[in-house]
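Colleague: First the structure, then my questions, so here it is.
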Amino acid sequence: MANPSHYSEEELDVKVDHKEQRRKRAELKALQFNVLTIVTIMMLIAVFLAVGKRPTQSFEENRDLAKCPKFTFESYLDGTFTAEFSEFYNDAVPMRSTFKGIISDFRGHLGIPYEGAELIGNVPTTQKDPTPAATEPATKPAPTENAPAGDPDATGAQEETLAETEPETTEPVENPYEEEDNGEIANNILIVKDRGIMLFGGSMSAAENYASIVNDYKTALGSDVNVYSMVAPTAVSFYLPKKFKDASNSEAENIDHINSCLNGVTPIDVIAKLDPHKQEAIYSRTDHHWQPLGAFYAAEEFASVAGVPFAPLDKYETVVKEGYVGTLYGYTGSQTLKDNPEPFIYYKPTNNITTTYYNPDMTNEREAPLMLNIDNLEASSWYLVFMGGDERITHVETDCKNGRTLFIIKDSYGNALVPCLTSSFEDIWVVDMRFFEQNIISFMKERDVTDVLFAMNTYSANSGNADKCRTIMNQ
């Protein structure tokens, strides 16, 4: 091999120039390959977004996703079609839940807070007379064809036992989250330790509106029908540390004001019933609903006030499902909530019942079990176990032959009450005020209803859901 020192300066310059050219050509090829790879990936993503199956619901966020609008020349020319199609394209992304989880994991591992989240220093004080802008989200039912099949009646007759009120607790029960002084706020939800807490913004004027509507039902139904108001508190009433009390209005004060405005309507005091149990799993940590155990205690209080039998927990079949992460993760994208799943425990009645479902216009009558088979559902949608969601009208016939017919007007909090009352009333009708398409007063009178229970959380009672209760009186 020739010694480089034998080359002249001109020959060395030529060799260096060739080397530089080879290096530049290699860099150019690498750049071309990288550009081609990126373009190919982008084209594959574009094709996937164009032809991939788009979801219609987000169970993590407990809502319907945007739907593809119908094209018309009029909507195209006025810009409506373009705007609605853009919303559909961006909202109903194929594999939406998967991508959202990947992004959340990525941000969490890098220590990046979710967009809209704020580490608490001085907690912002809420306005003292706001009205929640959004109604309590609907729990969407599974498609009709996926309704559970099989015998709706479980084996064994359930013994009727009168509801027993628990002795009053003289010592207050400690809030297990009281010592926590760090938190994170995202989308009006405080995350403390491993729990999400929705902050309440109801107003006294909204409380009065709800009470006036319930009073109108009592007037329309007359003295022969018992009307009850169960405004369910949410987790904020039991788990909000005192350090953060200015971040939320008081649900207790709001409910007390509602009850003071009722006329001929019997209130059900759920806060007093649940407070001794707040060390138990009465509310989900990762979801905005109460746990079935919380609903059970609330139903027990209602049965006691209504003077009907009530079955204790040992008369139910207990089902435990591990790994539940609910709507609060969907609302916040919090890695903390995702990394701390919880058990979802529900109770199946074992007495003889028959459940019939109808569409909101009372068509499509069909029998199916009261409790949905959720073994094949994603964990985020396990609350659908109760009647499959909100949209159906539900009629439950029981073996409790006491001549009492209960009519429940509810939001999704009311769903978890129904299995707990199958030993208390002979007939139970369940409707969601957001989906009912009949005149509700005529509907109840035609079915000789003896008892009416308004069962909804404080957000619904203080929002447009309450007004929907008035709408279905007059439609």
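Colleague: Could you tell me whether the stretch 390-397 includes any residue that is within 18 Å of the chain's Cα centre (by Cα), in the same structural domain as LEU221 (by TED's automatic domain parsing) and surrounded by fewer than 21 Cβ atoms within 10 Å (Cβ to Cβ)?
Modeller: yes
Colleague: Hey, another quick one. Kindly check whether there is at least one residue in the stretch 318-333 that is part of a strand (DSSP E or B), modelled with pLDDT of 95 or more, closer than 19 Å to ASP194 by Cα and not charged (D, E, K, R).
Modeller: There is at least one residue in the stretch 318-333 that is part of a strand (DSSP E or B), modelled with pLDDT of 95 or more, closer than 19 Å to ASP194 by Cα and not charged (D, E, K, R).
Colleague: Given the structure, is LYS29 part of a loop (DSSP other than H, G, I, E, B) and modelled with pLDDT of 70 or more?
Modeller: When the stated conditions are applied, LYS29 does not pass them.
Colleague: Only residues that are within 21 Å of ASN415 (Cβ to Cβ) and not in a strand (DSSP E or B): list them for the stretch 334-351, please.
Modeller: THR350, ASN351
Colleague: Taking the residues in the stretch 166-197 that are modelled with pLDDT of 65 or more and assigned to a strand (DSSP E or B) as candidates, determine which candidate is nearest to TYR331 (Cα to Cα).
Modeller: ILE189
Colleague: Out of VAL325, VAL320, I need the residue that is surrounded by fewer than 16 Cβ atoms within 10 Å (Cβ to Cβ) and either in contact with a strand residue (DSSP E or B) (Cβ under 7 Å, 6 or more places away or on another chain) or not polar (S, T, N, Q) (or both). Which one?
Modeller: Only one candidate qualifies: VAL320.
Listed here are the residues, each with its yes/no results for (1) under 23 Å from the mean Cα position of the chain (by Cα); (2) among the acidic types (Asp, Glu); (3) surrounded by 23 or more Cβ atoms within 10 Å (Cβ to Cβ); (4) not assigned by TED's automatic domain parsing to the domain that holds TYR357.
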| residue | (1), (2), (3), (4) |
| --- | --- |
| CYS420 | yes, no, yes, no |
| PHE425 | no, no, yes, no |
| ASP432 | yes, yes, yes, no |
| GLN438 | no, no, no, no |
| LEU453 | yes, no, yes, no |
| MET456 | yes, no, yes, no |
| TYR459 | yes, no, yes, no |
| GLY464 | yes, no, no, no |
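Colleague: Could you please find all residues in the stretch 32-58 being surrounded by fewer than 11 Cβ atoms within 10 Å (Cβ to Cβ) and at pLDDT below 70?
Modeller: Of the stretch 32-58, the ones surrounded by fewer than 11 Cβ atoms within 10 Å (Cβ to Cβ) are 32-44, 46-47, 50-51, 53.
If the condition is that a residue be surrounded by fewer than 11 Cβ atoms within 10 Å (Cβ to Cβ) and at pLDDT below 70, then ALA46, ALA50, VAL51 are the ones that fit.
Colleague: Let me ask something else about it. Considering every residue within the stretch 395-404, establish whether at least one is over 21 Å from TYR210 (Cβ atoms) and among the aliphatic types (A, V, I, L, M).
Modeller: Checking the stretch 395-404: at least one residue is over 21 Å from TYR210 (Cβ atoms) and among the aliphatic types (A, V, I, L, M).
The values are calculated or read from the model by the stated rules, or taken from the named source; none is laboratory data. Small disclaimer: the values here were computed from a predicted structure and weren't measured. Using ideal geometry, Cβ is built from the backbone for each residue, glycine included, and neighbour counts are taken over all protein chains shown.
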